[in-house]
Structure formats: structure tokens, C-alpha cells
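Peer 1: My questions all concern the structure below.
Derivation of every value follows stated rules applied to the coordinates shown; laboratory data play no part. None of these values were measured; they are calculated from a predicted model. Glycine also receives a Cβ, built like all others from the backbone with ideal geometry; neighbour counts cover every protein chain displayed.
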Amino acid sequence: MRVRVDPLVCEANAVCVGLAPDVFDLTDDDELEILQPEVPADQADKVRHAVRSCPKAALALDE
């Protein structure tokens, strides 16, 4: 599974960071950074929840 972000849509609300901090982080410039684009199996449920919870629908999964 691979996660990606549309930087033109993302507002860096950090909901995903709170839900899956091992996969998502914010840079010093308040831009979303995906730390692990290839989602580890043990993080899959957290990342799916983060994708569903994104207030701007800026995240997507390729499974």
C-alpha cells in the first residue's frame, strides 16, 4: 500500500499526523511530509483512518 498527498489541496491541518505520526509529519514550513510512502503493514489501519479523516480529502491510497 502506498499513500500520497495532493499538496495543492492539503492545508496542513495535521489530523493525519495525530493519527499516524510514524507515517506523516509537518515540515517547519507547515507542509505535509510523508515519512513512509510505502506504508508498513503495522501502520496500515492507522493510515487508512488518517486518509478517511483528512478534512480536505488531500490524501489517497494506492492499494
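Peer 1: Per DSSP H run of n ≥ 4, the term is -39500 (n - 2.57); total these for the chain, divide by its residue number, and report the mean residue ellipticity at 222 nm rounded to 500 deg cm²/dmol.
Peer 2: -6000 deg cm²/dmol, from helical runs alone.
Peer 1: Same structure again: Explain nothing, just the number: relative contact order of the chain, from Cα pairs under 8 Å at least 6 residues apart, as a whole percent. Provide the component values of the computation, followed by the final result.
Peer 2: Numbers: 105 pairs, mean separation 29.9, N = 63.
RCO, the chain: 47 percent.
Peer 1: Determine the sum of side-chain charges near ARG52: Lys and Arg each +1, Asp and Glu each -1, restricted to other residues whose C-beta is under 12 angstrom from that of ARG52. It would help to have the intermediate numbers written out before the result.
Peer 2: Working: positive: LYS46, ARG48; negative: ASP45.
Its environment carries a net charge of +1.
Peer 1: Next up: Taking the alpha-carbon set of the range 1-60, what are its Rg and Dmax in Å?
Peer 2: In order Rg, Dmax, the Cα atoms of the range 1-60 give 10.1, 29 Å.
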